[in-house]
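K.L.:
Mind looking over this structure? Questions follow.
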Amino acid sequence: MKENSGAIKTIYAVILAVIITGAAVGVGTWYLTRPAASANALTVYTWWTSGGESAALQNLLTTYENQYPTVTVIPTAVAGGAGYVFKSVIKPLVLAGEAPDAFQVHAGYEMYPYVSGGYLASINDTWSSQSWNSYFPSVIASEVQWSGTYYAVPLDIHRANVIWYNKPILDANNINASTLTTWPAFFAACQQLSQNTTLTSSPGWSAPIALGDTDQWEATMVLEEMMAGQGMPFYQNFINGVITNSSDSNLQNATAKFAEYLNYTNANHASLTWDEASALVINGQCAFNLMGDWENGEFKVASKNYGVDYGTFPAPGTANMYGLVIDCFEHPEGVKDPTNSLNWLTVVGSTAGEMAFNPDKGSIPPRTDVLNNATAVAQFGPYQQAAIADYKLITTEGTANGYYLYPSFVHGSAMPQSVLTPFNTAVNVFVSSARLQNSATQATAISTLDSAMTSAISTSSGDFVKSWTLH
Ligand code: GAL
């Protein structure tokens, strides 16, 4: 690492100021605190601050620096999982013409405001010079393409629909994870754990399920995977903005399951981040949690072994599905270091870049040549090797046989941002009004949530500019 690029800066306080005082003041604040400009620099903004996230990012930055040793890399990381805070910071910068040379973005809708506003440059030339059409499958490439133009390059593929478990706890209670294929079976296991008084009275025990929803999205993500488990025809309609009736039975079934899930969660859920909730499972204070496979990076940092200390299974009802969360980088218009910005993209989309980043991140590489290379796959741990096998099976079998890839709406890909904010707000209200309540109170909370979600969709109907056909 070069001067300036050692420790990643966390600008949480600045970000809070941005949120509180609004975009104009936020940009001013950033001006006062931003890293010093350098003659030949690459400024990279991400939200990767957890143990696994920052290890993976560091590997990628080092790969770039090794290839471009005269460039000073200036990374800035905005704390807050899933970019919950980051998105409020980056947008005013981009709109003010002050975009960094590179910033993290999800494939799909999350890019759209930047594309439609003319803030991103076409990278068609880079796609063609790097022959990326030969390496990125069209299902992934199509998520970074708008009106025939490529605007970003994928770095990873995360799986959203994963439940993580503490294996010694399940073993001690004779719970076989491979039998937890339905939500009733999963809840029965949670009930069994909550009735084991030896376990529940042991020091440090918290709850059967770990939840950390201080940033709201973490709870909405649980609901997303329950909705996927209602079946892909429903999920496709939902993300296409077609489900506008709050008495839709699939929606009601998903939200009812969500209320039940909450009954088994830890009391301090609202004060924990996603990685603090992961730590409850890692440390044996909870048995399960539902989270994307960036969580694997946390188990790795904690030196835990897959199949010994922990395990995973697909969220019930989603065994043949892969919930896609794809991190990308783009080439903003008018950046200070355009050549460095484009070179960054070539590293991100290269075999070297993807192999530097993905093994520590918990994700799998989007490049098919890497996925099909046994030597490359051998460099991944057992969780990711299993994920690669699942991904390949799902893409090979296809929808005709009931195998699906589906984009995450919680992570910005599948639906416009204008519905995400009201979804997260409604879910947050729901968590506090439904958790551990009697069935009548829960029923009221469920119908309030169903109405809030469907009316958010109706209100934002004009923002649905993409029609998904799931693959
Ligand atoms: C997701 C992102 C992942 C991971 C996670 C938690 O949105 O795609 O790379 O960082 O948030 O922060």
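The values are calculated or read from the model by the stated rules, or taken from the named source; none is laboratory data. Please read these numbers as outputs of a predicted model, since none were measured by experiment. No Cβ is skipped: glycine too gets one built from the backbone with ideal geometry, and neighbour counts run over all protein chains shown. The area values use the complete protein model at the heavy-atom level, side chains included, leaving out ligands, DNA and RNA. Shrake-Rupley method; radii C 1.70, N 1.55, O 1.52, S 1.80 Å.
K.L.:
Those residues that are aliphatic (A, V, I, L, M) and within 15 Å of the ligand (Cβ to nearest atom), I need them from region 404-446; list them, please.
P.N.:
VAL410, ALA414, MET415, LEU420
K.L.:
Can you tell which of GLY317, GLY353 is small (Gly, Ala, Ser), out of contact with any Asp or Glu (no Cβ under 9 Å at 6 or more places or on another chain) and touching a residue at least 40 places away in the same chain (Cβ under 8 Å)? Lay out the reasoning, then the answer.
P.N.:
Numbers: GLY317 fails: out of contact with any Asp or Glu (no Cβ under 9 Å at 6 or more places or on another chain).
Result: GLY353 is the single residue among GLY317, GLY353 that is small (Gly, Ala, Ser), out of contact with any Asp or Glu (no Cβ under 9 Å at 6 or more places or on another chain) and touching a residue at least 40 places away in the same chain (Cβ under 8 Å).
K.L.:
Also, quick follow-up: Inside region 233-264, can you point out the residues that are among the β-branched types (Val, Ile, Thr) and open to solvent by 10 Å² or more (accessible area, probe 1.4 Å)?
P.N.:
Kept after step one, since they are among the β-branched types (Val, Ile, Thr), are these residues of region 233-264: 239, 242-244, 255.
The answer is VAL242, ILE243, THR244.
K.L.:
For region 58-108, give me the residue count where each residue is open to solvent by 10 Å² or more (accessible area, probe 1.4 Å), of a type in the set (Phe, Trp, Tyr) and within 19 Å of PHE409 (Cα to Cα).
P.N.:
1
K.L.:
If we scan region 247-268, do we find a residue that is assigned by TED's automatic domain parsing to the domain that holds THR179 and in contact with a Gly (Cβ under 6 Å, 6 or more places away or on another chain)?
P.N.:
no
Each row is one residue, and each column tells you yes or no for (1) open to solvent by 50 Å² or more (accessible area, probe 1.4 Å); (2) within 25 Å of PRO407 (Cβ to Cβ); (3) touching a helix residue (DSSP H, G or I) at 6+ places or on another chain (Cβ under 8 Å); (4) of a type in the set (A, V, I, L, M).
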{"site": "ARG159", "(1), (2), (3), (4)": "no, yes, yes, no"}
{"site": "VAL162", "(1), (2), (3), (4)": "no, yes, yes, yes"}
{"site": "TYR165", "(1), (2), (3), (4)": "no, no, yes, no"}
{"site": "ILE175", "(1), (2), (3), (4)": "no, no, yes, yes"}
{"site": "PHE186", "(1), (2), (3), (4)": "no, yes, no, no"}
{"site": "CYS190", "(1), (2), (3), (4)": "no, no, no, no"}
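K.L.:
From (1) of a type in the set (Ser, Thr, Tyr); (2) within 21 Å of GLY334 (Cα to Cα); (3) at pLDDT 50 or above, pick out the condition that doesn't hold for TYR31.
P.N.:
(3)
K.L.:
Looking at ALA96, ALA189, ALA121, which one is more than 26 Å from the chain's Cα centre (by Cα) and over 26 Å from ALA267 (Cα atoms)?
P.N.:
Working: ALA189 fails: over 26 Å from ALA267 (Cα atoms); ALA121 fails: more than 26 Å from the chain's Cα centre (by Cα).
Just a single option satisfies the conditions, and that option is ALA96.
K.L.:
Assess whether ILE169 counts as being within 16 Å of the ligand (Cβ to nearest atom) and either surrounded by fewer than 21 Cβ atoms within 10 Å (Cβ to Cβ) or assigned to a helix (DSSP H, G or I) (or both).
P.N.:
Working: within 16 Å of the ligand (Cβ to nearest atom): no; either surrounded by fewer than 21 Cβ atoms within 10 Å (Cβ to Cβ) or assigned to a helix (DSSP H, G or I) (or both): yes.
The answer is no for ILE169.
K.L.:
Do any helices (runs of 4 or more DSSP H) lying entirely in region 42-153 carry at least 1 residues that are within 13 Å of the ligand (Cβ to nearest atom) and in contact (Cβ under 8 Å) with a residue 12 or more places away in the chain, and which ones are they? Walk me through how you get there before you give the answer.
P.N.:
Details: elements: 51-67, 86-95, 112-116, 124-129, 132-135, 138-141.
Per the criteria, 51-67, 86-95.
K.L.:
Run down SER433, SER447, SER458 and say which single residue is in the same structural domain as MET221 (by TED's automatic domain parsing), touching a helix residue (DSSP H, G or I) at 6+ places or on another chain (Cβ under 7 Å) and either open to solvent by 10 Å² or more (accessible area, probe 1.4 Å) or modelled with pLDDT of 95 or more (or both).
P.N.:
Values: SER447 fails: touching a helix residue (DSSP H, G or I) at 6+ places or on another chain (Cβ under 7 Å); SER458 fails: touching a helix residue (DSSP H, G or I) at 6+ places or on another chain (Cβ under 7 Å).
From the options SER433, SER447, SER458, the qualifying one is SER433.
K.L.:
Before we move on, is ILE394 within 15 Å of the ligand (Cβ to nearest atom), modelled with pLDDT of 95 or more, out of contact with any Ser or Thr (no Cβ under 7 Å at 6 or more places or on another chain) and not basic (Lys, Arg)?
P.N.:
Working: within 15 Å of the ligand (Cβ to nearest atom): no; modelled with pLDDT of 95 or more: yes; out of contact with any Ser or Thr (no Cβ under 7 Å at 6 or more places or on another chain): yes; not basic (Lys, Arg): yes.
The answer is no for ILE394.
K.L.:
Based on this model, can you work out whether SER138 counts as at pLDDT below 95 and either open to solvent by less than 20 Å² (accessible area, probe 1.4 Å) or not hydrophobic (A, V, I, L, M, F, W, C) (or both)?
P.N.:
Values: at pLDDT below 95: yes; either open to solvent by less than 20 Å² (accessible area, probe 1.4 Å) or not hydrophobic (A, V, I, L, M, F, W, C) (or both): yes.
When the stated conditions are applied, SER138 passes them.
K.L.:
Hey, which of the helices (runs of 4 or more DSSP H) in region 285-364, taking only ones fully inside, have at least 2 residues that are closer than 29 Å to SER128 by Cβ and touching a Ser or Thr at 6+ places or on another chain (Cβ under 9 Å)? Steps first, please.
P.N.:
Working: elements: 295-301, 338-348, 351-361.
Per the criteria, 338-348, 351-361.
K.L.:
Then there is this: Given (1) assigned by TED's automatic domain parsing to the domain that holds THR182; (2) within 16 Å of the ligand (Cβ to nearest atom); (3) open to solvent by less than 10 Å² (accessible area, probe 1.4 Å), identify the lone condition not met by LYS300.
P.N.:
The number of the failed condition is (3).
K.L.:
Quick one: which of ALA107, ALA96, ALA141, ALA102 is over 22 Å from TRP294 (Cα atoms) and not assigned by TED's automatic domain parsing to the domain that holds THR396? Can you show your working first?
P.N.:
Numbers: ALA107 fails: over 22 Å from TRP294 (Cα atoms); ALA141 fails: over 22 Å from TRP294 (Cα atoms); ALA102 fails: over 22 Å from TRP294 (Cα atoms).
Of ALA107, ALA96, ALA141, ALA102, the one residue that is over 22 Å from TRP294 (Cα atoms) and not assigned by TED's automatic domain parsing to the domain that holds THR396 is ALA96.
K.L.:
Further question on the same structure: State which residue pairs qualify: first residue among the small types (Gly, Ala, Ser) and inside region 155-167, second residue more than 10 Å from the ligand (Cβ to nearest atom) and assigned to a strand (DSSP E or B) in any location, beta carbons under 7 Å apart, and separation of 6 or more residues or different chains.
P.N.:
Matching pairs, first to second residue: ALA160/GLY323.
K.L.:
Shifting gears a bit: Could you tell me which of the residues VAL427, VAL410 is part of a helix (DSSP H, G or I), within 30 Å of PHE464 (Cα to Cα), within 20 Å of the chain's Cα centre (by Cα) and of a type in the set (Val, Ile, Thr)? Lay out the reasoning, then the answer.
P.N.:
Details: VAL410 fails: part of a helix (DSSP H, G or I).
Among VAL427, VAL410, only VAL427 is part of a helix (DSSP H, G or I), within 30 Å of PHE464 (Cα to Cα), within 20 Å of the chain's Cα centre (by Cα) and of a type in the set (Val, Ile, Thr).
K.L.:
Residues being assigned to a helix (DSSP H, G or I) and touching a helix residue (DSSP H, G or I) at 6+ places or on another chain (Cβ under 7 Å): count how many of those fall in region 461-471. Please lay out each step first, then the result.
P.N.:
In the first step, residues of region 461-471 are kept if they are assigned to a helix (DSSP H, G or I); the result is 461-463.
When the remaining residues are screened for being touching a helix residue (DSSP H, G or I) at 6+ places or on another chain (Cβ under 7 Å), the result is 463.
Summing the residues that are assigned to a helix (DSSP H, G or I) and touching a helix residue (DSSP H, G or I) at 6+ places or on another chain (Cβ under 7 Å) in region 461-471 gives 1.
K.L.:
Mind checking which residues of region 265-284 are within 21 Å of PRO203 (Cα to Cα) and in a loop (DSSP other than H, G, I, E, B)?
P.N.:
Passing the criteria: ASN266, ALA267, ASN268, LEU272, ASN283, GLY284.
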